[in-house]
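Derivation of every value follows stated rules applied to the coordinates shown; laboratory data play no part. Just so you know, these numbers come straight off a predicted model, no measurement behind them. Counting neighbours? That spans all protein chains shown, and the Cβs are built from the backbone with ideal geometry, glycine included.
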Amino acid sequence: MKKIIFFIISLVLFIPIALFAQTTKKITAAPLSSQTSACIGCHKTYTPGIVEDWLKSLHSKTSPEMALKKKPIERRVSAEKFDDSLNKVAVGCYECHSLNPSKHKDNFNHMGFKINIVVSPSDCATCHPVETMQYSGSKKAHAVGNLTKNPVYHGLVETVISKKKIENGKIVQLPSSPFTQHETCFSCHGTEVKVEGLKEVNTAMGKIKVPSLINWPNQGVGRINPDGSMGSCSACHPRHSFSIEIARKPYTCAQCHLDPDVPAWNVYKESKHGNIYFSKYQDWDFKAVPWKVGKDFQSPTCATCHNSLITTAEGKIIAERTHDFGARLWIRLFGLIYSHPQPIHGDTSIIKNKDGLPLPTAFTGEVATVGLINKDEQNKRQNNMQSLCKSCHSTQWTTNHFVKLDNTIKEVDSMILSSTLLLLEAWKNNLAEGLIHGKNPFDDAIEQMWIRQWLFYGNSIKYASAMTGAPDYATFKNGWWNMTENLQNMKDWIEFKKSSKGSEKK
Amino acid sequence: MKKIIFFIISLVLFIPIALFAQTTKKITAAPLSSQTSACIGCHKTYTPGIVEDWLKSLHSKTSPEMALKKKPIERRVSAEKFDDSLNKVAVGCYECHSLNPSKHKDNFNHMGFKINIVVSPSDCATCHPVETMQYSGSKKAHAVGNLTKNPVYHGLVETVISKKKIENGKIVQLPSSPFTQHETCFSCHGTEVKVEGLKEVNTAMGKIKVPSLINWPNQGVGRINPDGSMGSCSACHPRHSFSIEIARKPYTCAQCHLDPDVPAWNVYKESKHGNIYFSKYQDWDFKAVPWKVGKDFQSPTCATCHNSLITTAEGKIIAERTHDFGARLWIRLFGLIYSHPQPIHGDTSIIKNKDGLPLPTAFTGEVATVGLINKDEQNKRQNNMQSLCKSCHSTQWTTNHFVKLDNTIKEVDSMILSSTLLLLEAWKNNLAEGLIHGKNPFDDAIEQMWIRQWLFYGNSIKYASAMTGAPDYATFKNGWWNMTENLQNMKDWIEFKKSSKGSEKK
Amino acid sequence: MKKIIFFIISLVLFIPIALFAQTTKKITAAPLSSQTSACIGCHKTYTPGIVEDWLKSLHSKTSPEMALKKKPIERRVSAEKFDDSLNKVAVGCYECHSLNPSKHKDNFNHMGFKINIVVSPSDCATCHPVETMQYSGSKKAHAVGNLTKNPVYHGLVETVISKKKIENGKIVQLPSSPFTQHETCFSCHGTEVKVEGLKEVNTAMGKIKVPSLINWPNQGVGRINPDGSMGSCSACHPRHSFSIEIARKPYTCAQCHLDPDVPAWNVYKESKHGNIYFSKYQDWDFKAVPWKVGKDFQSPTCATCHNSLITTAEGKIIAERTHDFGARLWIRLFGLIYSHPQPIHGDTSIIKNKDGLPLPTAFTGEVATVGLINKDEQNKRQNNMQSLCKSCHSTQWTTNHFVKLDNTIKEVDSMILSSTLLLLEAWKNNLAEGLIHGKNPFDDAIEQMWIRQWLFYGNSIKYASAMTGAPDYATFKNGWWNMTENLQNMKDWIEFKKSSKGSEKK
């Protein structure tokens, strides 16, 4: 019965669809598939924002065949050939939402078409296989498991986002809810999107049945998709414009890499690079492939240093494109507690420190020997990064910068060790219960002061040094001032706690 | 004598005025009134910024008659007819600053013209009556009284902004000054602008007499004007460009709705909506009326969801324009202490909680039964908002979002209740003096920790949930981390205070 | 041998240089000198970002001779005549990097040319002598000495940025490293760039010898250059575009003048001026000289009020250009502890307070009598600033604003005095060791709370008042709320400390 209704609706919609297809033929250079025309026939009325967004995308104006006509260095696709069904039509609704249906637990019959709700990296790989492959080995792709499977990280997450109730004047920690997990840590890291049968939803077109998705919507970088793949391209190329411009502008990375724990965005905003970006970006070309230093842009954004294919104005390659976001990084400034070489693989559960924990450093700073890249690989990556710096800076300028960064990393790590020693004193005097008591090391006040030292203040100083900017941020806003003041507060807390414990006993 | 001087000045100015009128005839499509030409004759020299600002406005280029020639859905005016004196001329200085003179205590004789200093919403209603009417019933219009007449809110204001002196090692709270009131709370809420006779001011044209205004300048949303009206259109359509573009861009709302207490702007900046806005706004049309989703903009600003007339690209209405800023809201996330349904009327003094106080919730969270909208009205408004979401998001996406928001509101309210219980413990143990002692509940350290829980951290988490963004903000910056840490600090404060009170006694 | 290699390289590069010179002849209006063509021949390959940046600059398109053809009010150069060697060629690499070689300790033989690494204000003075002269007398030019030579400021710097280790449960302060000095305080204030002989660096062109620079790179405003001059024009006109647009946009000042200690940028962002700037700047002309109020811009940026040559649309001068950044300021809102009149000279070491210290106020607020401008000079400067305000605001509006500011300064200073009295109580009770014990007044917890009062919160309130914006910032973010709460915390700290000291004794 419902299928008949849909059929009638389809008939009624035939005329506008045909008209729309004609109109859009003028707008887009590539023809639409009949399926995509049908999608748009309804969706331009029911989700007009999506259709208009897509109409402004390159996807709506190009076909794989047209994309292949560009010189390799100018291509946005990395596949060399395409199925006939895709080759000559614009990259429309159906072309993306119908791929690999057998793998998609979220596939359903929608108005006579077999549609996936979620488009996954494995689907995008149809045209962009190199990017998908690079991404799949990165820490971003493994961002869910790296958080949930690591007992230390997981303990920190739960301490922070769990509900707390008061019982007899004491704080009792209750489990966190999936909803809160979803909109805090896992909003960036990604959720595991699960399908729980079909459910009826009430739309403007009447009631329809759709796969019921749990932990949805989410565009976290490590989202586990209903087809089993990991990642969400939409995290950086949002929604239906799939814009390279948006991904290259710093606001995209800024959604997750920001103050107080990963203050890349805050440091950038207050740096000379940021200053020039904000003053001049409107004159730059954020769509050019390759991206030509000085010509297309006069100051780097995040993507310049970490991802994009960068060349000189004449086309000489300075850095190859990568979608493994750690590929140009040799050291990891944040993560649990001290700095350390980058992990070998995106799945960081293989790391082991001297205490056998899956952490890149020990509690007192010793770097793990298993799972981190070696000195040669570190040098190779740092040279890669330096060649980007040298596009605009002299060799001495660049070298001096990296020497200064090395020193800062050491100083910050030593400040964090000082904080750790105070924490140990609190534990040893039973002023707080932590690791040495087999208890949660994150829930006492002094433990939380200690967390601030490395997760907030230490990171700020190291990022400011690494990105050569934000001196005031590293001094008074979230850096040396705070680390100094907080260290003093840790000491006072120990004194006050000893005093109040003493007076309790009397 | 002075009038003669002014007459001579006017004569001397005749030639440039005439020339200017000729020049501007070319620039503007509508002719200037002779009065406005006279204003500009002097003011282009003495306040050139104002004249140039106005020359860039639509007001300088259009007359009411021209405005009425547009289709109703494209109109910026809501009046249907106009006085002859206004109908055919550009909307210039005199057209606005001369209206309703008998009501304006700030009206004065200025160079032979009867001029009001302040242009009020009642004056703007000449052309925009629907907007003025909607606004006048809103919480924004009543923002002054809602703060000054409520004893609880007023107590918080005074505690925060009053001067404090030290007497015998104790902190003594002195009354706040009108100047500081003016540039803190009442800068956003609005001041009561009073006229205290005339005073002589020293201008570049010599000494002139003007009405002496108290609590001026101010463009707070609830400003009480010298004609008795409430509000300042200039709060969002600033100065003499009266720009719809400025009002639609998020920087306008951001002046008051920001971190730490009303962090709408901070959440927006770190959300996907914000990311797309910052990356792409330069390609959008912020002046189009109606505002077409996906076509004129690809991501919402504050105005999209809360105010603007939104249609599809083809002109199908998705949401009607409203200048009652709560009209599309069902729940109130901030305000004193816990979440609650929106007030029925902008004047919130009619609300009563179970303790008889004019507050939307009781101290321990129970929602007031008088003065708040009922379930039907809540559903109606939420459906209105959801239809905006569904322009770009599927029904399931939208529904899941609202389910998650409902849960977050509950969790945050329960966390705040936990904090309230600790505060009660401090009061009961006489570690701080508050409500149960008939004393100021806002001036002890633990009371201020408790305020942080709901005014800063709880609001941050709820806003981040509602606007589907800023997960790191809700986690580490100003949300769960801080609420957890601060709860622990409340507990420690109680312990330290008991200890120090104990040692005092000994 | 090396010179021969360079000669061969030069020969090989001859053809591309010649071709490039031809190409750029079309791009630039002024011809390149042969030396600059040679520079570009290599550097377009080895530092392409620099060359492209310069190609977008006015320097690449104009010669001094062309610059002098403009009317004086429209000129960007202040010299009246130029050497023949410079007069007719574009302002290229060699024209700037070869000046005054005998004074430059960083001069070296680079591929057959005598090149300075650092271009100093004395070099820029070749074309911009008035700007250099104004700047050289300003506090910015003396920013290094003002920090290092003042024992009080120096003590604060060291307390904040020094490494700390834990010995027997006590915090021990170690000296700060030059690297950390360099990337915190002195990143903004400037470093002393020293030359330590030559060193070999490994470039893409092979190994070359360059002067070895210490404390480099740095673009702090008071940088001490290898030619002995003070300042870095690149601080505000960054890199090789030397852009007036960048200097006039607020992001430039924002690199150093920001939250929490000098929150000009934060206040601007949340002000009405900022709102209009962010909403409309893309329509403004940031390159126009003179800068015409209302026409070229509708809202001020930092440069408008503090530096630029501002005229009406018809060219009537409202304010003269100045590169002495204090020239339009009468009062100093920040600096050590209380507000005070502006210093007479950029070198503030000549100031003496009543205790003989080189500070503008005494510990309890009395203003220094030596080294600060008198009342007449204050009035003159305030009138200068007011004439800028009056371009867009009425006389009464402007006057009322300044009356309010005066009151706020007094209230904040009295709040800081209250905090100082609590600190004195702590010192007198030996709860902390400070000035009266001849000890560091910045390293105890209560001392650091006291610093927050004036350095963070007081400054925020005063800046918000002065710039007529950011009421929420001054209320809840970093102002009255924090000052009130922190005062209470100082009192509680004294109580807890007394208690713990008491229990120690028992």
Note, ³J(HN,Hα) from phi for region B:362-369, Karplus 6.51, -1.76, 1.60, rounded to Hz, x at Gly and Pro: 7, 4, 9, x, 5, 6, 5, 9
How many nm is it between the label spots at C:GLU196 and B:VAL172, if each spot is 7 Å from the Cα in line with the beta carbon? 5.9 nm
Helix B:151-161 against the longest principal axis of chain B: what's the angle in degrees, Cα atoms only, rounded to the nearest 10? 80 degrees
Just checking chain C: which Cys have no other cysteine's beta-carbon under 4.7 Å? C:CYS42, C:CYS96, C:CYS124, C:CYS127, C:CYS185, C:CYS233, C:CYS236, C:CYS305, C:CYS389, C:CYS392
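Using the structure shown, list the pairs from C:LYS103/C:LYS199; C:LYS69/C:LYS140; B:LYS56/B:LYS287; A:LYS491/C:LYS165 with a Cα-Cα distance above 22 Å, or answer none.
Values: C:LYS103/C:LYS199 20 Å; C:LYS69/C:LYS140 32 Å; B:LYS56/B:LYS287 13 Å; A:LYS491/C:LYS165 12 Å.
Check vs 22 Å cut-off fails for C:LYS69/C:LYS140.
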Name the residues whose placed amide hydrogens come within less than 5 Å of the amide hydrogen of B:LEU198, ignoring near sequence neighbours (fewer than 5 apart) on the same chain. B:SER212
Neighbourhood charge, 15 Å Cβ-Cβ cut-off, centred on A:PHE442 and excluding it, Lys, Arg +1 and Asp, Glu -1: -4
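How big is the charge dipole of the protein assembly as shown about its Cα centre, in debye rounded to the nearest 20, if each Lys and Arg gets +1 on its Cβ and each Asp and Glu gets -1 on its Cβ? It would help to have the intermediate numbers written out before the result.
Numbers: 183 positive and 138 negative charges, 419 e Å.
The calculation lands at about 2020 debye.
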Tell me, how many Å apart are the Cα centres for region A:231-276 and for region B:69-111? 46 Å
If you average the C-alpha positions of region A:380-446 and of region A:299-363 separately, how far apart do those two centres end up, in angstrom? 16 Å
Given H placed on each backbone N at 1.01 Å, which residues far from A:GLU192 in sequence or on other chains put an amide H within less than 5 Å of it? A:ILE224
The answer for the net charge of residues other than A:ILE246 whose Cβ lies under 13 angstrom from its Cβ, with Lys and Arg +1 and Asp and Glu -1, is +4
Counting only other chains, what is the mean number of Cβ atoms within 10 angstrom of the Cβ of each residue in peptide A:229-238? 1
Per-pair calculated FRET efficiency, R0 = 60 Å: B:GLU80 and A:ASN109 via Cβ, rounded to 0.05: 0.70
Highest mean first, what order results for B:175-184, B:256-265 on Cβ atoms within 10 Å? B:256-265, B:175-184
Taking one equal scatterer on every alpha-carbon of the protein assembly as shown, how large is log10 of I(q)/I(0) by Debye at q = 0.06, 0.07 1/Å? -0.61, -0.86
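Using 0.36 nm times the number of residues separating A:ASN429 and A:GLU320, minus their current alpha carbon distance, what extension gain do you get?
Working: separation 109, 0.36 × 109 = 39.24 nm, distance 5.43 nm.
Taking 0.36 nm per residue and subtracting the Cα distance, the gain is 33.8 nm.
Let a ≥ b ≥ c be the square roots of the eigenvalues of the Cα gyration tensor of chain C; is it rounded (a/c under 1.5), or, if not, prolate (a/b larger than b/c) or oblate?
Details: a/c = 2.48, a/b = 1.49, b/c = 1.67.
Since a/c reaches 1.5 but b/c is at least a/b, the shape of chain C is classed as oblate.
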For residues of C:271-280, the mean tally of beta carbons on other chains within 10 Å: 6
Give me the angle, in degrees from 0 to 90, between the Cα long axis of helix A:375-389 and the longest principal axis of the Cα atoms of chain A, rounded to the nearest 10. 60 degrees
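Please give the charge dipole size of region B:362-506, origin at the Cα centre, charges +1 on K and R Cβ atoms and -1 on D and E Cβ atoms. Round to the nearest 20 debye. Intermediate results must be reported in sequence, preceding the final value.
Numbers: 17 positive and 16 negative charges, 14 e Å.
That gives a dipole near 60 debye.
When you look at the Cβ of every residue in B:253-260, what mean number of other chain Cβ atoms sits within 10 Å? Before the final figure, lay out the partial values.
Working: counts 1, 6, 10, 3, 1, 7, 5, 8.
Mean shielding by partner chains, rounded to a whole number: 5.
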Given chain B, what percent of its DSSP beta bridges are antiparallel, to the nearest 5? 85 percent
Measuring from a point 7 Å out along Cα→Cβ, what nm distances, shortest first, does B:GLY502 have to its partners in the other copies? 1.2, 1.3
What are the nm distances, shortest first, from A:VAL130 to its equivalents in the other copies, labels at 7 Å along Cα→Cβ? 5.5, 5.5
Can you list the HN-Hα couplings for region B:303-308, worked out from phi with the Karplus curve (6.51, -1.76, 1.60; θ = phi - 60°), rounded to whole Hz and with x for Gly and Pro? 4, 4, 7, 9, 9, 6
Around C:ILE214, under 12 Å between beta carbons, what's the net of Lys plus Arg minus Asp minus Glu among the other residues? +1
What nm distances, shortest first, do you get from the label point of C:THR148 to those in the other copies when the point sits 7 angstrom along Cα to Cβ? 5.6, 5.6
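Provide the FRET efficiency to the nearest 0.05 for the A:ILE73-A:GLN382 pair, computing r from the beta carbons and using R0 = 25 Å.
Numbers: r = 25 Å, r/R0 = 1.01.
With a Förster radius of 25 Å, E is 0.50.
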